[in-house]
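For reference, the structure discussed in these notes is given below.
The values are calculated or read from the model by the stated rules, or taken from the named source; none is laboratory data. Keep in mind that what you see is a predicted model, and the values were worked out from it rather than measured. Neighbour counts are summed over all protein chains in view; Cβ atoms, including those assigned to glycine, are modelled from backbone coordinates with ideal geometry.
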Amino acid sequence: MMRKLFLSVLGLTLMMTFTMCKNESKSVSISVPSTPKEALAELVAGNERYMNEMSIYPHGDMERVEETAPHQAPFAAVVGCSDSRVPVELLFDRGIGDIFVIRTAGNNVNSEMVMGSVDYAIEHLGVKVLLVLGHGSCGGVTGAISEGGHEHGPIAHLLGTIRSDVSDYVGKAESLDEAIRHHTLVQVERILAHPHVAEKVKKGEMIIKPAYYDVHTGKVSLLQ
Ligand SMILES: [Zn+2]
C-alpha cells in the first residue's frame with residue numbers, strides 16, 4: 001500500500017517536473033542578431049551563460065522545429081573539432097537553426113569537403129559570424145606534432161594535413177597549447193585567402209574570428 005502510494009507520488013512529481021521544464025523551454029525568448037557585431041556578441045553572451053551554469057537552452061522545442069522546417073537561416077557558423085568535449089550548440093547556449101556547425105577531428109579546413117561546407121555557410125546561408133574554434137588538449141593536434149606515430153590510412157592523412165600547418169611544433173609536446181592556437185589562426189587565414197570571403201569581411205558583411213575553448217573552464221576566448 002505504502003509502496004503504491006510512494007510510486008504514484010513519484011510519478012506525479014516527475015510529471016509535474018517534466019511539464020514545468022517543457023513550459024520553461026517554450027517561454028524562452030532569445031534575440032535574433034541582425035548585424036555581424038550583434039551575432040558575435042550573441043555567441044559571447046551564450047558562452048557566458050553556459051560557463052556560469054545559467055544556460056537557458058533556447059530554440060529547443062517542437063515549435064522551433066516547425067518554425068525552421070521550411071528553411072534554415074543560422075546567424076553563425078562554427079568550424080570546430082569533433083572532440084566530444086566541445087559540443088558547439090551547448091557551449092554557446094543556442095538551439096535548432098542557430099548555428100551551422102562544421103566539425104572534424106582537429107578542425108582543419110584544408111580540404112575541399114570542409115572548405116565547401118564553410119563556403120556554403122558564407123555564400124548561401126549568409127552567416128554573419130564565423131568562428132574557427134580550437135580547443136585545449138586537442139587529440140588531432142597532439143597526434144600531428146608527435147613524432148614516430150604509427151597511424152596509417154585515413155588517420156595518417158588527417159594528421160599529416162594538420163601537421164603541415166604546425167610543422168614548427170613537431171616533437172615539442174610541451175608547446176601543444178601554442179600549436180593549437182597557431183593551428184586555429186592558420187585556418188582563419190586559409191578561409192580569408194578566398195577573395196570573395198575576404199571581400200565580405202572587408203565590407204563589414206561578416207566577421208571571421210579564431211577562438212579557443214578551454215576544456216577546464218568551458219570558456220571560449222577570441223584569439224584576435
Ligand atoms: Zn580536437
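Looking across the range 53-75, just one residue is of a type in the set (Val, Ile, Thr) and outside any helix (DSSP H, G or I), and that is Ile56. Only residues that are at pLDDT 80 or above and aromatic (Phe, Trp, Tyr) were counted in the range 6-61, giving 2.
Sub-6 Å Cβ pairs linking a first residue in the range 87-101 that is without any contact (Cβ under 8 Å) to a residue 60 or more places away in the chain to a second residue that is among the basic types (Lys, Arg), at least 6 apart or interchain, are Asp93/Arg49; Ile96/Arg64, ordered by first then second residue. Taking the range 67-102 on its own, how many of its residues are away from the ligand (no atom under 13 Å from the Cβ) and not hydrophobic (A, V, I, L, M, F, W, C)? Residues meeting the conditions: 12.
When you go through (1) assigned to a helix (DSSP H, G or I); (2) surrounded by fewer than 14 Cβ atoms within 10 Å (Cβ to Cβ); (3) among the charged types (D, E, K, R) one by one for Glu151, which number turns out not to apply? Glu151 satisfies all of (1) assigned to a helix (DSSP H, G or I); (2) surrounded by fewer than 14 Cβ atoms within 10 Å (Cβ to Cβ); (3) among the charged types (D, E, K, R) except (1). Test Ala156 against the stated conditions and say whether it is within 16 Å of the ligand (Cβ to nearest atom), part of a helix (DSSP H, G or I) and either farther than 15 Å from Asn110 by Cα or not acidic (Asp, Glu) (or both). Answer is no for this residue.
Within the range 159-190, the set of residues being assigned to a loop (DSSP other than H, G, I, E, B) and within 28 Å of Ile122 (Cα to Cα) comprises Ser164, Asp165, Val166.
Residues in the range 103-135 that are near the ligand (Cβ under 9 Å from one of its atoms) and part of a loop (DSSP other than H, G, I, E, B) were compared, and the one that is surrounded by the fewest Cβ atoms within 10 Å (Cβ to Cβ) is Ala105.
Once the range 136-148 is narrowed to residues that are touching a strand residue (DSSP E or B) at 6+ places or on another chain (Cβ under 8 Å) and outside any loop (DSSP other than H, G, I, E, B), the residue that is farthest from the ligand (Cβ to nearest atom) is Val141.
Of the residues making up the range 33-46, those that are out of contact with any helix residue (DSSP H, G or I) (no Cβ under 6 Å at 6 or more places or on another chain) and either surrounded by 18 or more Cβ atoms within 10 Å (Cβ to Cβ) or not in a helix (DSSP H, G or I) (or both) number 8. Being closer than 27 Å to Gly106 by Cα, out of contact with any Cys (no Cβ under 7 Å at 6 or more places or on another chain) and either at pLDDT below 95 or not in a loop (DSSP other than H, G, I, E, B) (or both) is true of Val78.
Please work out which residue is surrounded by the most Cβ atoms within 10 Å (Cβ to Cβ), limiting yourself to the range 138-148 and to residues that are closer than 11 Å to Lys172 by Cα and not charged (D, E, K, R). Of everything passing the filter in the range 138-148, Ala144 is surrounded by the most Cβ atoms within 10 Å (Cβ to Cβ).
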